[in-house]
Amino acid sequence: MTVCFVVAVYFFVPNDARTVTRREPIDWFGALLVSAGLCSFCFALTDAETSPNGWATSYIIVALILGVVCIGLFIWLQARLKYPLMPLTIWRYPQFPRVIATYFLGFTTFAGVLVFNYTLMWQLVFGRNAVGVWWFREMYFDSRPPYGTSHYG
């Protein structure tokens with residue numbers, strides 16, 4: 001999979017051979033907006049399942065709305081700035097879908113290898129069986145204890 005990723009990067013990622021003549025200012029407010037928006041949106045999506053009332057919990061609704069508003073404001077701001085953090089013209093390049101597909105291929109390769117290696121490490125180094133690795137993953141990464149147990153016992 002990694003070889004496929006390297007080949008895809010070689011063929012599909014365009015060359016950026018422009019010369020930089022001046023240092024453009026960084027859009028710090030745009031960076032704050034997109035960071036807050038993505039963090040709020042991801043928090044709402046990942047925490048809704050374990051919140052007291054699910055999607056009806058007030059802080060989940062607020063986080064979801066705040067995330068969408070911040071991302072929308074970020075896009076609106078980027079369309080009006082002289083030196084945007086993310087120029088919206090990038091979406092018009094014909095190579096852009098291929099770049100995103102290459103990124104997706106690389107990330108899934110990384111994530112798959114990471115999960116496989118963590119599982120293998122817990123089995124070979126720490127001597128856990130497959131159920132023990134599952135229990136560890138459920139306990140520490142899913143934020144819900146496995147059935148019949150608790151985080152404290």
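Quick note: the coordinates plus some simple rules give every number you see, no bench work behind them. All of these numbers come straight from a predicted model, not from anything done at the bench. Backbone-built Cβ (ideal geometry, glycine too); neighbour counts: all protein chains shown.
For segment 1-125, the relative contact order works out to 33 percent when only alpha carbon pairs closer than 8 Å and six or more residues apart are counted.
When the square roots of the Cα gyration tensor eigenvalues are ordered a ≥ b ≥ c, the ratio a/c for segment 46-119 is 1.5 or more and a/b does not exceed b/c, which makes its shape oblate. Oblate is the label for segment 1-131. Its Cα gyration tensor axes, ordered a ≥ b ≥ c, give a/c of at least 1.5 and b/c at or above a/b. Ranking 69, 29, 53 by Cα position along the charge dipole of segment 1-85, where only Lys, Arg, Asp and Glu carry charges on their C-beta atoms, puts 29 farthest toward the positive end. Mind checking segment 49-98 for trypsin sites (Lys or Arg not before Pro) that DSSP puts in a loop (not H, G, I, E or B) and that have at most 12 other Cβ atoms within 10 Å? Answer in residue order: 80, 82.
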